[in-house]
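Read through the structure below, which is laid out as structure tokens, and then see the notes.
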Amino acid sequence: TRIIYQNAAGQRREIDAPAGRSVMQVAVANGVDGIVAECGGSAMCATCHVYVEAGPVDKLPAPNAVEDEMLESTAEPRMPNSRLSCQLVIGPELDGLVVRLPERQV
Ligand code: FES
């Protein structure tokens, strides 16, 4: 499953991501800068904030209540396409998803 990470400068990096991992885990495992993930993926820190820009956006489940509340605490402004990348679980249906990394996470 190809996940495309775009940094704040606009550079893109495509990673072939295994199913079952989160968009955050794949970024951290591959040294993608711009994701801090202080809480390790428990939806409790908001430092894995991303903007979902393109690709199969409609395949993403809506944020649950915990994610929705945590998205109020992001360092960069929350937008309609804001998500916590630790809550986005990769599967084949997300092939080609483009996530943009905010300028800062803390
Ligand atoms: Fe902490 Fe996603 S890693 S909220």
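Quick note: the coordinates plus some simple rules give every number you see, no bench work behind them. Keep in mind that this is a model prediction, so the values were computed, not measured. Every residue, glycine as well, gets a Cβ built from its backbone with ideal geometry; the counts of neighbours run over all protein chains shown.
If you rank ARG2, ARG12 by fewest surrounding Cβ atoms within 10 Å, what's the result? Numbers along the way, then the final one.
Details: ARG2 14, ARG12 11.
Fewest-to-most Cβ neighbours within 10 Å comes out as ARG12, ARG2.
Report the relative contact order of the chain, percent, no decimals, based on alpha-carbon pairs under 8 angstrom and at least 6 residues apart.
Reported relative contact order: 43 percent.
Looking at LEU88, ASN30, PRO77, which one has the Cα that reaches farthest to the positive end of the dipole of the stretch 2-100 (charges on Cβ: Lys, Arg +1; Asp, Glu -1)?
Most positive-ward Cα: ASN30.
Place a +1 charge on the Cβ of each Lys and Arg in the stretch 3-73 and a -1 charge on the Cβ of each Asp and Glu, then give the dipole magnitude about the Cα centre in debye, rounded to the nearest 20. Spell out each step's value before the answer.
On the way: 4 positive and 10 negative charges, 59 e Å.
The calculation lands at about 280 debye.
At a temperature of 20 °C and a viscosity of 1.002 mPa s, determine how fast the chain diffuses translationally according to Stokes-Einstein, using the Kirkwood radius over alpha-carbon pairs as Rh; express D in µm²/s, rounded to the nearest whole number.
Working: Rh = 13.3 Å.
Translational D for this selection: 161 µm²/s.
With both bridge residues required to lie in the chain, what share of the DSSP beta bridges run antiparallel, to the nearest 5%?
About 75 percent, rounded to the nearest 5.
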